[in-house]
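Notes follow once the structure below has been shown.
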Amino acid sequence: ALWEDTKTGSKWAIVNSCYFPADLPEVVGRPCSPESNEVYESNHGSTVRAGLVQGTCEVLPPNKFKEESERRIHSDNGSQPLFLC
């Protein structure tokens with residue numbers, strides 16, 4: 001969700017964070033050898049200033065990640081980062 005505070009003009013977003021395996025506590029289960037660009041998506045929404053969002057990325061399930069990765073190898077476009085969830 002995106003919105004603007006009409007009183008202050010501040011722009012806000014509700015985002016769900018994604019974490020790289022190294023960012024997770026040791027008690028959280030994960031594969032022994034994570035894939036390159038693998039992230040874990042949380043279901044916790046946080047409200048942040050829209051200016052803090054670093055950019056868009058795609059987080060895909062394994063089969064779609066493989067398909068899109070292979071497509072990108074054969075094309076030369078500057079698309080957004082791609083992550084495996």
* Asked: Say we look at the range 1-22 and pick out the residues that are surrounded by 12 or more Cβ atoms within 10 Å (Cβ to Cβ) and modelled with pLDDT of 90 or more; which of these is farthest from P61 (Cα to Cα)?
  -> S10
* Under the condition of being open to solvent by less than 70 Å² (accessible area, probe 1.4 Å) and either among the small types (G, A, S) or modelled with pLDDT under 80 (or both), which residue from the range 41-52 is farthest from N16 (Cα to Cα)? -> A50
* Which ones in the range 23-40 are among the acidic types (D, E), modelled with pLDDT under 80 and surrounded by 10 or more Cβ atoms within 10 Å (Cβ to Cβ)? -> E35
* Counting only residues that are at pLDDT 80 or above and surrounded by fewer than 10 Cβ atoms within 10 Å (Cβ to Cβ), which one in the range 53-69 is farthest from the chain's Cα centre (by Cα)? -> N63
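The values are calculated or read from the model by the stated rules, or taken from the named source; none is laboratory data. It should be emphasised that the depicted structure is a prediction, and the values quoted were computed from it without experimental measurement. Positions of Cβ are generated from backbone atoms using ideal geometry, with glycine treated the same way; all protein chains shown enter the neighbour counts. Side chains included, ligands, DNA and RNA excluded: accessible areas come from the protein's heavy atoms. Shrake-Rupley method; radii C 1.70, N 1.55, O 1.52, S 1.80 Å.
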